[in-house]
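The values are calculated or read from the model by the stated rules, or taken from the named source; none is laboratory data. What you see is a predicted model; the values in this text were computed from it and never measured. Virtual Cβ from ideal backbone geometry, glycine too; neighbours counted across all protein chains shown. Side chains included, ligands, DNA and RNA excluded: accessible areas come from the protein's heavy atoms. Shrake-Rupley method; radii C 1.70, N 1.55, O 1.52, S 1.80 Å.
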Amino acid sequence: MSATTAAVPFWRAAGMTYIGYSNICAALVRSCLKEPFKSEAASREKVHFSVAKWADGKQEKPTVRTDSDE
Amino acid sequence: MAMAALRREGRRLLLSPTVPIPSPAAAAARSSVVSPPEMAPLGARFVSTQIVRNRMKTVKNIQKITKAMKMVAASKLRAVQTRTENSRGLWQPFTALLGDAPSVDVKKNVIVTITSDKGLCGGINSTSVKVSRALHKLTSGPEKESTYVVLGEKGKVQLVRDSKKSIEMTITELQKNPINYTQIAVLADDILKNVEYDALRVIFNKFQSVISFKPTVATILSPEVAEKESEAGGKMGDLDSYEIEGGETKAEILQNLSEFQFSCVLYNGALENACSELGARMSAMDSSSRNAGDMLDRLTLTYNRTRQASITTELIEIISGASALEG
């Protein structure tokens, strides 16, 4: 408990949100799994989407967030 | 009605080489009624049924496609439905703890509209867009700001038309892989980092059954607003009765909570919407295959009737010719 309490200000200061923090923790836990559970869990952490910001009613160039290697 | 259209089509596209002997009388009679560009080829006596045959083939193919789409949607639906129902357990504790505050009045509203990337799924995308627009109207006013974050291609297309100035972000290609929490969490992280908000309003179609979807609004307050609300009492005020472990302050806890709540609500919303999309597609495809079937029946009837009519006429001609020779 004390370790997490101590960690909080640091990741907050690094500009991370709680979601980012918990995601990293979750990835760590998943990487500790043994096969065949590991690959099963890995299939559940695929990220793929494309984000586009808008400014003055115009769409800017979309960026694709993906972790699948192509 | 159908007959008239059929005749017109037939006349326009009738192939002249199929008719061996030109009959000037028939052509002359026709030309007096029909305008020149639509004139029948020389010697055309009956309507060609080829057009109808082609049309019937097309309709049959469309019916096959819609049936296949229905099957695909139905098989996908089952998996997504289980995941959706499981994901409801993620946001329910939050609502129990923090309550839902759809009526909260804040300055910066961000409307997160969840729609699908693909069409052919009935009116679910229009419903979310309509609700978003209504909410936008409701929350915008003097000194107030209300912006959109749109998930999905279809919602983007609809919102660009009239409120592209208020769109802040659009996210597409979300459903390339099956939706998982990691993906939505990364997305929620991106949204939180890029927009300023006092209240996030997530709009999605909540899956009730295969034929019923309810447009739903989930409200997530920013930590500051949440703290104000909790001081004001109500459901949020109960938060003080919880013991907080560790050295974190209430503000920190609230910030963590609201961020996590957003990702959970977004995850559930995306799943609910995906589920509704598949359900809607299923029923839309079902009714379109039924319509194709009806159309096919009508066309078949017309086709057979026309064929029968031409056969009858030919018979009459032969018989009367023969009897004229005898007499």
**Asked** Just a yes or no: is a residue in the stretch A:45-55 part of a loop (DSSP other than H, G, I, E, B), among the hydrophobic types (A, V, I, L, M, F, W, C) and more than 18 Å from A:Asp67 (Cβ to Cβ)?
**Response** no
**Subset of the stretch A:25-62 (residues that are aliphatic (A, V, I, L, M) and farther than 27 Å from B:Asn194 by Cβ)** = A:Val29, A:Leu33, A:Ala41, A:Ala42
**Hits in the stretch B:192-219 (condition: closer than 27 Å to B:Thr139 by Cα, more than 10 Å from chain A (Cβ to nearest Cβ) and of a type in the set (A, V, I, L, M, F, W, C))** = B:Ala199, B:Leu200, B:Val202, B:Ile203, B:Phe204, B:Phe207, B:Phe213, B:Val217, B:Ala218
**Request:** Within the stretch B:100-107, identify whether any single residue is open to solvent by 10 Å² or more (accessible area, probe 1.4 Å), assigned by TED's automatic domain parsing to the domain that holds B:Phe204 and within 18 Å of B:Val210 (Cα to Cα), and answer yes or no.
**Result:** no
**Selection status of B:Asp286, in a helix (DSSP H, G or I), within 11 Å of another protein chain (Cβ to nearest Cβ) and over 22 Å from B:Thr95 (Cβ atoms)** = no
**Item:** Odd one out for B:Asp189 among (1) among the charged types (D, E, K, R); (2) at the interface with chain A (Cβ under 8 Å from one of its Cβ atoms); (3) open to solvent by 30 Å² or more (accessible area, probe 1.4 Å)
**Value:** (3)
**Prompt:** B:Ile244 passes all but one of (1) over 30 Å from B:Ile51 (Cα atoms); (2) aliphatic (A, V, I, L, M); (3) surrounded by fewer than 12 Cβ atoms within 10 Å (Cβ to Cβ); which number fails?
**Reply:** (3)
**Message:** Just to be sure before I move on: is B:Ala292 touching a Pro at 6+ places or on another chain (Cβ under 7 Å) and either among the β-branched types (Val, Ile, Thr) or more than 25 Å from B:Val217 (Cβ to Cβ) (or both) in the structure I sent?
**Reply:** no
**Asked** Any residue at all in the stretch B:149-167 that is in a strand (DSSP E or B), within 14 Å of chain A (Cβ to nearest Cβ) and farther than 23 Å from B:Trp91 by Cα?
**Response** yes
**Message:** Looking only at the stretch B:306-327, count every residue that is free of Cβ contacts under 8 Å to residues at least 24 places away in the same chain and open to solvent by 80 Å² or more (accessible area, probe 1.4 Å) and tell me the total.
**Reply:** 10
**Prompt:** Which pairs have Cβ atoms under 7 Å, sit 6 or more apart or on different chains, and link a residue in the stretch A:23-34 that is without any contact (Cβ under 8 Å) to a residue 12 or more places away in the chain to one that is among the hydroxyl-bearing types (Ser, Thr, Tyr) and not in a loop (DSSP other than H, G, I, E, B)?
**Reply:** A:Asn23/B:Thr182
**Message:** Quick check on my filter: what residues within the stretch B:170-186 are crowded, with 22+ Cβ neighbours inside 10 Å, at the interface with another protein chain (Cβ under 7 Å from one of its Cβ atoms) and of a type in the set (A, V, I, L, M)?
**Reply:** B:Ile171, B:Leu174, B:Ala185
**Asked** Quick one: which of B:Ala280, B:Ala270 is open to solvent by less than 20 Å² (accessible area, probe 1.4 Å), within 14 Å of chain A (Cβ to nearest Cβ) and in contact (Cβ under 8 Å) with a residue 60 or more places away in the chain?
**Response** B:Ala270
**Item:** Answer from A:Glu45, A:Glu70 - the residue that is loosely packed, with under 12 Cβ neighbours inside 10 Å, at pLDDT below 85 and either more than 8 Å from every other protein chain (Cβ to nearest Cβ) or in contact with a helix residue (DSSP H, G or I) (Cβ under 6 Å, 6 or more places away or on another chain) (or both)
**Value:** A:Glu70
